[in-house]
Amino acid sequence: MAEATHDIEIRNLYKIFGPNAAKHVESVRNGMTKEELKAQHNHVLGLDDINLTIPAGKIQVVMGLSGSGKSTLIRHINRLIDPTAGELLFDGQDIAKMSETELREFRRQRTGMVFQKFALFPHWTVLENTTYGLNVRGVSRREAEERARRWISRVGLDGFEESYPNQLSGGMQQRVGLARALTNDAEILLMDEAFSALDPLIRTDMQSVLLDLQSELKKTIVFITHDLDEALRLGERIAILRDGKIIQQGTGEQIVLRPKDDYIASFVRDVRRGHVISVRTIMRKGARAETPVTLPATTLLEEAARAMTNAEVLRANIQGLDGQHLGMVTLSKCVAEMIAPDDSEDVDPEAQVA
Amino acid sequence: MRDLRIGIDEAFRNFTRAYGETLEQLFHPIQLLLNFIEGMLIDSSWVIVLVALAGLVWLLSRNLKIVAGTIVALLLIGYFGMWEDTMRTIAMVSVCTLIAVVIGIPVGILMARSDRANATITPLLDMMQTMPSFVYLIPVVMIFGLGKVPGVIAVVIYAVPPIIRLTNLGIRQVPADVLEAAEAFGSSGRQKLMDVQLPLALPTIMAGVNQTIMMSLAMVVVASMIGVRGLGQPVLQAINNQYFTLGVMNGLAIVAIAIIFDRATQAYGKRLQKHLEAVHG
Ligand SMILES: Nc1ncnc2c1ncn2[C@@H]1O[C@H](COP(=O)(O)OP(=O)(O)O)[C@@H](O)[C@H]1O
Ligand SMILES: [Mg+2]
């Protein structure tokens, strides 16, 4: 079992689409925008100076609107797209510099990929689809089928081994896509809008399947989505792309708590903030309140507010995992942060009265 | 202009004199193959041939109606005394189709993989298809004289474009995302071709085979002018001597085998396509 141990480090990555891409990198480095590049040279700026460390064994979400460069970025990790400039470091190697043979080995041994439109092989059964990665590697048919059957069963497709993709619903097809990628037993799993084509309920289902698998597998997962709820549910780290640039990265909580600009703010506007942000991030560190309510640091704002109102108090102390005191929050700060980003000083209401 | 024409004709005649012999040697295996198949079809008892052909049609089409039609048509052909000519024509069409497939599929693959090859060969194919079929007979006869082998060559030249075109088209039509998936799993170029591109192009390639068979059949009749025996010759005789019934009968026999070939290969193509059509959205 390949548990992930290596980060993927993307350094100063540029991608320009067009016949003379290399020639224009310098101008882009010096600040030429996507629109200018298009207007003046008829080249498309796909990625603009991407720097991103994708932590081993974590789910890294890349989010952005359509055309922001998400697919372009994820395709650089297994080099389905060649970079115009920059490095992609993994396990001491630069993916951008691999020879054709090295690249093929890298794809076979270290990566698996799941696609938005499933991209199953329509002329093969579920079992044949799932063994594909191992067949390409030359694993014996018996072993390949044995391993594939395990994953088919793991994604809940028992009994469908001999079905053809066109006999399955969308959700089931993507389970096949997932099984096909997992059977490779690789430490990197690339998922390009893997659930975007599915109905909302099935989509939530698949997210659960993925989280469940990941809690056991600990792969390095790069998950692309344009959906904030999905990003927040899956992403341990989230990077937001716009016009080929990463404009903010961090945990979901950090991004919802303090969107860096109006673009991101409009993204996170409709999020139930109280459902995403925990008291840890807004508490007044070190302060202590006279209150019977003590909450764990990971308590979400909604729950904290409910706990305080139920106890009819205005403040709560916050403690860490092993019970040490960390700080305190007030009900008004909780409520304010639930409504909108709130930079005002957390004033103690009791103090005001007094 | 006149001098130029004479010049070219002269050069061509010299070329023929110098290399005709070698070329004939080169194409001799075709003659052997053709004789072998012809011999098998004609010398075996007609019952065996009938059963074998019906069995073949069944294997391709899995359709009893088409098989029944085949049997009735062949029985009628036998009854009206056209069995031997029909077998000659079937042998000829089979060999020509086989050769066209062996040449056409690799060329089609080459065109699908290289845009340059595509741009070079496409106009050539256009020309081959618009040229009146008789014209092919001239250089072929000059080099090889009259007979079966020149007949085969002329027929193949005439009938090969569809299989090339449709192989090319079929491979180019393979969905980009499926190909990308194969690539992402680390497939080599060869693995992509054999595992994904050719299997997914197969229904289209079969449509090409179907067209190639139809064109071979049409050309075999024309090739009777340069000594290819079979159903074409009685038609030619009928034209020269105004034997109306003879012409019509042989014409109908040609139509009958055309329909059999057509239905059998089309049904096969449809069966191949079964899993490729999306049932679920
Ligand atoms: N092969 C290509 N040639 C030219 N432009 C491209 C190509 N692929 C992507 N682009 C452009 O790059 C940008 C990013 O595309 P993409 O990565 O597909 O975005 P996303 O996946 O976020 O929707 C878009 O402006 C798109 O038009
Ligand atoms: Mg995309």
The alpha-carbon pair-distance distribution computed for region A:237-278, with 5 angstrom bins and whole-percent values, is 5, 25, 34, 24, 8, 3, 0
Within 10 Å of each candidate Cβ there may be at most 16 other Cβ atoms; applying that plus a DSSP loop requirement, which chymotrypsin sites (Phe, Trp or Tyr not before Pro) in region B:238-274 survive? B:Tyr243
The farthest towards the positive end of the charge dipole of region A:259-309, of the residues A:Thr281, A:Thr309, A:Phe267, given +1 on Cβ of Lys and Arg and -1 on Cβ of Asp and Glu, is A:Thr281
For a quick protection proxy, order the peptides A:165-174, B:9-18, A:260-269 by their average other-Cβ count within 10 Å, most packed first. A:165-174, A:260-269, B:9-18
Sites matching GluC sites (Glu not before Pro) across region A:100-162 that sit in DSSP coil, with at most 10 neighbouring C-beta atoms within 10 Å: A:Glu162
From Cα coordinates alone, what are the radius of gyration and Dmax values for region B:131-281 in angstrom? 20.4, 67
Residue-averaged 222 nm ellipticity for chain A, from DSSP H runs of 4+ at -39500 (n - 2.57), nearest 500: -11500 deg cm²/dmol
Tell me the mean residue ellipticity at 222 nm calculated for chain B from its helices only (DSSP H runs of n ≥ 4, each -39500 (n - 2.57), averaged over every residue, nearest 500). -28500 deg cm²/dmol
Which whole DSSP H helices in chain A pass both tests: a Cα extent of 24 Å or more along the axis and a mean Kyte-Doolittle value no lower than 0.0? A:200-217
Considering only C-alpha atoms, what is the centroid distance from region A:51-89 to region B:146-195, in Å? 35
Which three extents, in angstrom, do the Cα atoms of region A:239-354 have along their principal axes, listed largest first? 50, 33, 23
By per-residue mean of other Cβ atoms within 10 Å, what is the highest-first order of B:136-146, A:62-72? A:62-72, B:136-146
Zone of B:Asp177's modelled label, taken as backbone nitrogen in region A:184-227 under 14 Å from a point 7 Å along Cα→Cβ: A:191-199
At 7 Å along the Cα-to-beta-carbon direction for both A:Lys260 and A:Asn42, put a label point, then send me their distance in nm to one decimal. 3.4
Under 16 Å from the 7 Å Cα→Cβ point of B:Gln273, by amide nitrogen: which residues of region B:152-188? B:166-167, B:169-171, B:173-175
How much of the pair distance distribution for region B:40-199 lies past 20 Å, counting alpha-carbon pairs only, in percent? 66
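Out of the DSSP beta bridges found with both residues in the protein assembly as shown, what percent are antiparallel (nearest 5)?
55
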Take the Cα atoms of chain A, find their three principal axes, and give me the spread along each one in whole Å, biggest first. 76, 57, 36
Tell me, what are the semi-axes, in whole angstrom and largest first, of the equivalent ellipsoid of the protein assembly as shown as set by the roots of 5 times the Cα gyration tensor eigenvalues? 71, 28, 19
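Work out, in µm²/s and without decimals, the Stokes-Einstein translational diffusion coefficient of region B:36-111 at 37 °C, 0.692 mPa s, Rh from Kirkwood over C-alpha pairs.
Using the Kirkwood radius from Cα pairs, D works out to 238 µm²/s.
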Mean Cα-pair separation over length for chain B, i.e. relative contact order, pairs under 8 Å, 6 or more apart, %: 24
Averaged over its residues, how many other protein chain Cβ atoms are within 10 Å of peptide A:122-128's Cβ atoms? 4
What per residue convex hull volume, in Å³, do the alpha-carbon atoms of region A:53-174 yield? 150
Over all Cα pairs of region A:55-100, how is the pair count split among 10 Å bins, expressed in % and running from 0 up to the last occupied bin? 24, 49, 25, 2
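Is region B:2-280 rounded, prolate or oblate when judged by the Cα gyration tensor, a ≥ b ≥ c being the square roots of its eigenvalues, rounded requiring a/c under 1.5 and prolate requiring a/b larger than b/c?
oblate
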Between region B:86-123 and region B:217-274, what's the alpha-carbon centroid distance in Å? 21
For region A:1-69, one quarter of the surface area of the C-alpha convex hull, expressed in nm², comes to 6.1
Can you give the charge dipole size of region B:1-116 about its Cα centre, rounded to the nearest 20 debye, using +1 on the beta carbon of Lys and Arg and -1 on the beta carbon of Asp and Glu? 460
Of A:Lys23/A:Lys97; A:Lys70/A:Lys218; A:Lys58/A:Lys117; A:Lys15/A:Lys70; A:Lys15/A:Lys117; A:Lys218/A:Lys260, which sit over 21 Å apart, Cα to Cα? A:Lys70/A:Lys218; A:Lys58/A:Lys117; A:Lys15/A:Lys117; A:Lys218/A:Lys260
Using +1 on the beta carbon of Lys and Arg, -1 on that of Asp and Glu, and nothing else charged, what's the dipole of the protein assembly as shown about the Cα centre, debye to 20? 1600
For B:Gln129 and B:Thr22, what does the FRET efficiency come to when R0 = 35 Å and r is the distance between their Cβ atoms, rounded to the nearest 0.05? 0.75
Which whole number gives the average, over all residues in A:167-178, of C-beta atoms from other chains lying within 10 Å of the residue C-beta? 1
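Test of understanding: express the Cα radius of gyration of region B:128-201 as a ratio to 2.2 N^0.38 Å, with N the residue count.
1.67
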Under the √(5λ) rule applied to the eigenvalues of the Cα gyration tensor, what semi-axes describe the equivalent ellipsoid of region A:173-275? Give them in Å, descending. 26, 15, 13
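Laboratory data are not the source of any read-out in this text; all were calculated from the coordinates shown. Because the structure is predicted, anything quoted here is derived from the model rather than measured. Neighbour counts run over all protein chains shown; Cβ positions are idealised from the backbone, glycine included.
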